[in-house]
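Peer 1: Handing you a structure now.
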Amino acid sequence: MDSVQRLIDERVHEYYWKHDYNCATTMLLILAEICVIKLQQQTLDAAIGMHGAGRYGAQCGLVEGALMFIGIYARQKQKTDERIEAECHSFADAFEKEFGSLLCKELRPEGFRPDNPPHLCEGLTKRAVRFALDYVISNDNQTAGH
């Protein structure tokens with residue numbers, strides 16, 4: 001296992017079990033750490049309800065957190081609004097192809113039941129963070145503004 005994956009695995013476990021962060025917040029924090037981006041508290045506050053729309057089962061927080069990060073990162077690379085939107089669209093398409101859905105209720109093992117144990121998505125999160133990181137890095141070479 002490479003050092004980046006080891007870091008991802010450690011952070012996902014820590015953020016879920018020690019801090020009880022949701023998947024969107026976990027995604028944002030790990031991508032920001034690896035890519036050396038400072039996140040504002042307001043951004044993290046915005047991610048509080050982004051785990052399937054507050055457990056509603058809608059868009060997965062792993063997707064939402066990654067999309068938020070793509071926007072932050074791409075803007076720092078001075079990419080245009082149009083380019084950021086295109087990268088977000090492309091990420092959503094690639095995520096859906098890789099994981100089979102964008103919906104939390106379809107991706108979350110066991111769905112949503114009151115007796116579910118916490119952090120059922122730990123394994124999925126580790127894979128999704130790496131997927132998002134690889135996506136961000138692959139788009140980092142795109143010309144700024146295009």
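The values are calculated or read from the model by the stated rules, or taken from the named source; none is laboratory data. Treat the numbers as computed from the prediction; the structure is a model and nothing was measured. For neighbour counting, all protein chains shown are included, and Cβ atoms are generated from backbone atoms with ideal geometry for every residue, glycine included. Side chains are part of the model used for accessible areas, which takes the heavy atoms of the whole protein and leaves out ligands, DNA and RNA. Shrake-Rupley method; radii C 1.70, N 1.55, O 1.52, S 1.80 Å.
Peer 1: Based on the mean of other Cβ atoms within 10 Å per residue, sort peptides 1-11, 61-71 so the most packed one is first. The partial results should precede the final answer.
Peer 2: Values: 1-11: 13.4, 61-71: 25.1.
Ranking, from highest mean packing down: 61-71, 1-11.
Peer 1: Ok, one more. Taking the Cα atoms only, what angle lies between the long axis of helix 81-99 and the longest principal axis of the chain, rounded to 10 degrees?
Peer 2: Once rounded, one gets 40 degrees.
Peer 1: Which angle from 0 to 90°, rounded to the nearest 10, does the C-alpha axis of helix 122-140 make with the longest principal axis of the chain?
Peer 2: Once rounded, the angle reads 0 degrees.
Peer 1: Can you work out the accessible area per residue across region 57-116, with the rest of the protein chains kept in place, probe 1.4 Å, in square angstrom? Don't skip to the end; give the middle numbers.
Peer 2: Values: 3180 Å² over 60 residues.
I get 53 Å² per residue for region 57-116.
Peer 1: Relative to the longest principal axis of the C-alpha atoms of the chain, give the angle of the C-alpha long axis of helix 61-76, reported between 0 and 90° and rounded to the nearest 10°.
Peer 2: That helix lies at roughly 20 degrees to the long axis.
Peer 1: For region 1-60, give the percent of accessible area contributed by carbon and sulfur heavy atoms, probe 1.4 Å, rounded to a whole number. Please report the intermediate quantities before stating the final value.
Peer 2: Details: 1790 of 3390 Å².
Here carbon and sulfur together make up 53 percent of the probe-accessible area.
Peer 1: Here's something else I'd like to know. On a 25 Å Cα-Cα criterion, which of the cross-link pairs LYS38/LYS97; LYS18/LYS38; LYS18/LYS126; LYS79/LYS105 come out too long?
Peer 2: Values: LYS38/LYS97 30 Å; LYS18/LYS38 21 Å; LYS18/LYS126 16 Å; LYS79/LYS105 33 Å.
Those over the limit are LYS38/LYS97; LYS79/LYS105.
Peer 1: Nearest 20 debye, what's the magnitude of the dipole of the chain about its Cα centre given +1 on Lys and Arg Cβ and -1 on Asp and Glu Cβ? Provide the component values of the computation, followed by the final result.
Peer 2: Numbers: 16 positive and 21 negative charges, 29 e Å.
I would put it at about 140 debye.
Peer 1: Now for a separate question. Around LEU102, under 13 Å between beta carbons, what's the net of Lys plus Arg minus Asp minus Glu among the other residues?
Peer 2: Working: positive: LYS97, LYS105, ARG108; negative: GLU64, ASP93, GLU96, GLU98, GLU106.
Here the count lands on -2.
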